[in-house]
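Enquirer: One structure, pasted below without further comment.
The values are calculated or read from the model by the stated rules, or taken from the named source; none is laboratory data. What you are looking at is a predicted structure, and each value in this text was computed from that prediction instead of being measured. Neighbour counts run over all protein chains shown; Cβ positions are idealised from the backbone, glycine included. Ligands, DNA and RNA are stripped out before the accessible areas are found, and what is left, the full protein with its side chains, is counted by its heavy atoms. Shrake-Rupley method; radii C 1.70, N 1.55, O 1.52, S 1.80 Å.
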Amino acid sequence: MKRADYDLPFLLTYENVAWYDNGKVRILDRRVYPTEISFVECTSHKEVAQAITDMVTQSAGPYTAAGMGMALAAYEVKGKPEQEQLAFLKTAAETIAYARPTTANRMGKITQQCLKVGQEALAMGKDPIEAIFLSTVESLNRRYTIMDKVGQHLLSVAPKKGKVLTQCFGETIIGTFFRAAKANNYDLQVYCAETRPYLQGARLTSSCVAELGFDTTVITDNMVAYVMETKGIDLFTSAADSIARDGHIANKIGTNQIALIGQNYQVPYFVTGIPDSDKFGRQDIIIEERDPKQVLEYRGIPNTLPEVKGIYPSFDITPPSRISGIVTDKGVFSPYDLDTYFLEEQTRFY
């Protein structure tokens, strides 16, 4: 297998996302990167699910962690009767899939595929741990390969020399897009919105972009209008945690307001990702509400008096009227015409 993570930053090499080995899953702790390079070790699938819930890994990282967590679940129940192993894997598949509600549909596709692979391995007298692990690596490589196509299509709408604004951390697409831009000698200046309260844009996106050699600047989330007005942003782009067929997308909280500001300054917004076949409209998108404590403090340091309250919707929904195009593995689609994406056969993504 030719690995599709070649020439990608540290954060995006397979072993540095999530990796199963000998009864443990090791997950790079993105909550503290790049201040620290540390890994969370999980010894049960429930610990993997909790790590996903706690955002030890995020963006597309949980998809990898989910598959590795299923291999760990198979390890937890190895040597037990076949039916007991299957029952355990079925429970694990549900537990991991629903670690974060907004992406449960995508996570469920991964864990159910792992369950199927484990079941087939058991029926043939093979090791389900190895089978699920190898299937997860294959899935990971396939996803990177597909996202490389998305990155190439995003490159087609990007300026050869210009300024790009990003939001949050699009994980694989950040790597594949800027890898392609570097290979094709694009001269890009990149502005990364910091993405409060976890600062994924500041800590993760800017790290990857800078590591690939581009001029990289971090801005606070309330600087977007100023930067669009005075710095001449040519393109705003983000990934999406959910893309409904009617063109509504869910991404990190703050994405909608950047798109709204972009309309005012005539900055095109291109969303990257694979549309969800099972989400038909915004009513099908669940917005995860996280612990308000994450807004009221950072890395354990309170920012407010104890009596102050906070809210933390993890995502917001951007309507199709604020989106210039949905960039997929099949090309760039109008947000009003996503049904055509499904007319051709899809490559399995998850």
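Enquirer: Scan segment 50-63 and give yes if some residue there is within 18 Å of Lys109 (Cα to Cα), assigned to a loop (DSSP other than H, G, I, E, B) and polar (S, T, N, Q), otherwise no.
Expert: Initially, segment 50-63 is screened for residues within 18 Å of Lys109 (Cα to Cα), giving 52-53, 58-63.
Checking the rest, the ones that are also assigned to a loop (DSSP other than H, G, I, E, B) come to 58-60.
This time we only want the ones that are polar (S, T, N, Q), so: 58-59.
Yes, some residue in segment 50-63 is within 18 Å of Lys109 (Cα to Cα), assigned to a loop (DSSP other than H, G, I, E, B) and polar (S, T, N, Q).
Enquirer: Moving on. Are any residues in segment 205-227 among the aliphatic types (A, V, I, L, M) and out of contact with any helix residue (DSSP H, G or I) (no Cβ under 6 Å at 6 or more places or on another chain), and if so, which ones? Even if it seems obvious, please write down each step before you answer.
Expert: As a first pass, look at segment 205-227 and keep what is among the aliphatic types (A, V, I, L, M): 209-210, 212, 218-219, 223-225, 227.
Ala210, Met223, Val227, listed by residue number.
Enquirer: Which ones in segment 186-213 are assigned to a strand (DSSP E or B), open to solvent by 20 Å² or more (accessible area, probe 1.4 Å) and either at pLDDT below 95 or under 16 Å from Ile258 (Cβ atoms) (or both)? Spell out the reasoning first.
Expert: Filtering segment 186-213 down to residues assigned to a strand (DSSP E or B) leaves 187-193.
Okay, now just the ones that are also open to solvent by 20 Å² or more (accessible area, probe 1.4 Å), so 187, 189, 191.
Within segment 186-213, Tyr191 is the sole residue that qualifies.
Enquirer: Please state which of the following conditions Ser38 fails to meet, knowing it meets all the rest: (1) farther than 28 Å from Ala202 by Cα; (2) surrounded by fewer than 18 Cβ atoms within 10 Å (Cβ to Cβ).
Expert: (1)
Enquirer: In this structure, does Phe169 turn out to be touching a residue at least 24 places away in the same chain (Cβ under 8 Å) and assigned by the TED database to the domain that holds Gly232? Walk me through it before giving the result.
Expert: Numbers: touching a residue at least 24 places away in the same chain (Cβ under 8 Å): yes; assigned by the TED database to the domain that holds Gly232: yes.
It is true that Phe169 is touching a residue at least 24 places away in the same chain (Cβ under 8 Å) and assigned by the TED database to the domain that holds Gly232.
Enquirer: Being among the polar types (S, T, N, Q) and touching a Gly at 6+ places or on another chain (Cβ under 9 Å) is the filter; apply it to segment 130-161 and report the residue that is surrounded by the fewest Cβ atoms within 10 Å (Cβ to Cβ).
Expert: Start the filter on segment 130-161 by keeping residues that are among the polar types (S, T, N, Q), which leaves 135-136, 139, 141, 145, 152, 156.
Keeping just the survivors that are touching a Gly at 6+ places or on another chain (Cβ under 9 Å) gives 135-136, 139, 156.
Details: Ser135: 21, Thr136: 27, Ser139: 22, Ser156: 10.
Within segment 130-161, the match that is surrounded by the fewest Cβ atoms within 10 Å (Cβ to Cβ) is Ser156.
Enquirer: When you go through (1) outside any strand (DSSP E or B); (2) open to solvent by 20 Å² or more (accessible area, probe 1.4 Å) one by one for Thr216, which number turns out not to apply?
Expert: Thr216 satisfies every listed condition except (1).
Enquirer: Kindly indicate whether any position in segment 316-325 is within 26 Å of Arg30 (Cα to Cα), assigned by the TED database to the domain that holds Asp221 and assigned to a loop (DSSP other than H, G, I, E, B).
Expert: First pass over segment 316-325, keeping only residues within 26 Å of Arg30 (Cα to Cα): 316-318.
In the following step, the residues that additionally are assigned by the TED database to the domain that holds Asp221 were identified as 316-318.
Imposing the further condition that a residue be assigned to a loop (DSSP other than H, G, I, E, B) reduces the set to none.
No, there is no match, as no residue in segment 316-325 is within 26 Å of Arg30 (Cα to Cα), assigned by the TED database to the domain that holds Asp221 and assigned to a loop (DSSP other than H, G, I, E, B).
Enquirer: Given the options Val32, Val77, name the one that is out of contact with any strand residue (DSSP E or B) (no Cβ under 7 Å at 6 or more places or on another chain), surrounded by fewer than 24 Cβ atoms within 10 Å (Cβ to Cβ) and closer than 24 Å to Tyr298 by Cα. Walk me through how you get there before you give the answer.
Expert: Details: Val77 fails: closer than 24 Å to Tyr298 by Cα.
Only one candidate passes the filter, namely Val32.
Enquirer: With the requirement that a residue be in contact with a helix residue (DSSP H, G or I) (Cβ under 6 Å, 6 or more places away or on another chain) and not hydroxyl-bearing (Ser, Thr, Tyr), what does segment 271-280 give you?
Expert: Once the filter is applied, which keeps residues that are in contact with a helix residue (DSSP H, G or I) (Cβ under 6 Å, 6 or more places away or on another chain) and not hydroxyl-bearing (Ser, Thr, Tyr), segment 271-280 yields Pro275, Asp278.
Enquirer: May I pose another question? Filter segment 338-350 for residues that are open to solvent by 50 Å² or more (accessible area, probe 1.4 Å) and in contact (Cβ under 8 Å) with a residue 60 or more places away in the chain; which is farthest from the chain's Cα centre (by Cα)?
Expert: Once the filter is applied, the top-ranked residue is Asp339.
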